[in-house]
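Colleague: Attaching a single structure in structure tokens format; questions to follow.
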Amino acid sequence: AAYINLFYLKGSTKLFQRCYLSVRCGSNNGECEHLCHINNDVIQCSCHPGYELASNGKNCTDVDECATMDFPCPNPSIPYCVNLRGNFQCSNQSCRAISGQNNRYQSGTCCQQEIGNCGESIWSTCGRDVTAADERIVGGKSGFLGGWPWMVYILIDGSTLCGGTLIDENWVLTAAHCFRTATASTTVKMYFGRLNPYATQAQEPHVQIRDATQLILHEQWDKNRFPYNDIALLRVSSPVVSGPFISKVCLPNGEVPPPGARCWVTGYGTTAYRGPAAKILREVQLPIVDINTCARSYNSTQYPIDTQKMLCAGYRGGGRDACQGDSGGPLVCQRCDSCSWYIAGVVSYGKGCASPNYYGVYTKVEMYEEWINTK
């Protein structure tokens, strides 16, 4: 019996080593900054797209696409390349990126903000997209890791998908209509830092998962008149830890984006009306629409616009919009003086998705700041 057991243990050595190494990847991510793998019984680190492995074999450094690609910006109308952490952007402005610069506002001026030059830890502030990325969704494009660190993937009762926004280490802002059928036994699971909904924990080890321990619907929200006062708060089971890929967004602090301002919507929802869900976080840049113009387009519909408590964004010809599954997600705008991002709207409703003559409608967060603060 002793001989047989010894033989079995010898034959199991490699299996034991693999299990041991796998546990190391799972417990401390193998000391890898991004991804941990087992290759020939050895821990190996790798990086997400847009990064390369540092000389220590563990950390990841940004790839400067502007310097390494032959023709990063082939379109002559947007010829200037601006390097971003994990990505790059083509611009029609000849400003150069400084270390950690965020430059997605695309207005008449360049954002000149040095990340971390604030006299305090960047993780203690709001609205910092430290691995900036650049359109979802319908007519959008894929996001990049860390580009929208406040974005939350919400799964209700294991099947209903909504978006949310991290506004505090303990709180997520979302849409009330996501919970039209919620009961006392409804379960809500939230994923922070998620880029690919189909990725494993090993592929996205930075993702934090929390349960909702409290749901607060706005008192004047009525599921039979769902777009009005369409806002809700979720308390997380334990505080969310901020870092390079997860951080909170700023509240408006009384600010409302003017018509024409170009803001961004992100989400994991369908890429066409009643179409398939996105396989990766999507993003789209949309202009804010004059609220009276938007109201006229919805006058004859079941749910006319509340010009005081709603925002609209999109194009008259359609083509770009939020869609099913994006509900509750953020419409964020960037402050060009500080480069911080604030949540201006919560994805609420629309007629179809990206339909001509109908703009996307959002709950106007500025009107609910006092409500948020009291809760």
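The values are calculated or read from the model by the stated rules, or taken from the named source; none is laboratory data. No experiment lies behind these values; they were computed from the predicted model shown. Note: ideal-geometry Cβ built from the backbone for every residue, glycine included; neighbour counts use all protein chains shown. We work out accessible area using only protein heavy atoms, side chains counted, and drop any ligands, DNA or RNA first. Shrake-Rupley method; radii C 1.70, N 1.55, O 1.52, S 1.80 Å.
Colleague: Using a 1.4 Å probe on the protein chains only, how many percent of the accessible area of segment 151-374 belongs to carbon and sulfur? Don't jump to the answer; show the numbers that get you there.
Modeller: Values: 4280 of 9020 Å².
Ligands and nucleic acids excluded, carbon and sulfur give 47 percent.
Colleague: Now for a separate question. Considering only protein heavy atoms, with the full assembly of protein chains and a 1.4 angstrom probe, order 366, 33, 65 by accessible area, largest first. Could the numbers behind the result be given before it?
Modeller: Values: 366 50, 33 80, 65 20 Å².
Largest accessible area first, the residues go 33, 366, 65.
Colleague: Dipole size in debye (nearest 20) for segment 151-374 around its Cα centre, Lys and Arg Cβ +1, Asp and Glu Cβ -1? Don't skip to the answer; put the middle values down first.
Modeller: Values: 19 positive and 18 negative charges, 131 e Å.
Here the size comes out at about 640 debye.
Colleague: In addition: Shape of segment 151-374 from its Cα gyration tensor (a ≥ b ≥ c, root eigenvalues): rounded if a/c is under 1.5, otherwise prolate when a/b > b/c, or oblate? Please report the intermediate quantities before stating the final value.
Modeller: Values: a/c = 1.38, a/b = 1.35, b/c = 1.02.
It comes out rounded by the Cα gyration axes.
Colleague: At residue 256 and residue 219, where each label point lies 7 Å from the Cα along Cα→Cβ, what is the point-to-point distance in nanometres?
Modeller: 2.3
Colleague: Just how much of residue 66 is accessible, in Å², when a 1.4 Å probe is used and the result is rounded to the nearest 10?
Modeller: 40
Colleague: Also: State the extension gain, in nm to one decimal, for the chain segment bounded by residue 292 and residue 187, taking 0.36 nm per residue of separation less the distance between their alpha-carbons. Walk me through the numbers on the way to the answer.
Modeller: On the way: separation 105, 0.36 × 105 = 37.80 nm, distance 3.87 nm.
Length gained between residue 292 and residue 187: 33.9 nm.
Colleague: Loop-only chymotrypsin sites (Phe, Trp or Tyr not before Pro) in segment 177-233, please: DSSP not H, G, I, E or B, and at most 10 other Cβ atoms within 10 Å.
Modeller: Those that pass, being in a loop and sparsely packed, are 198.
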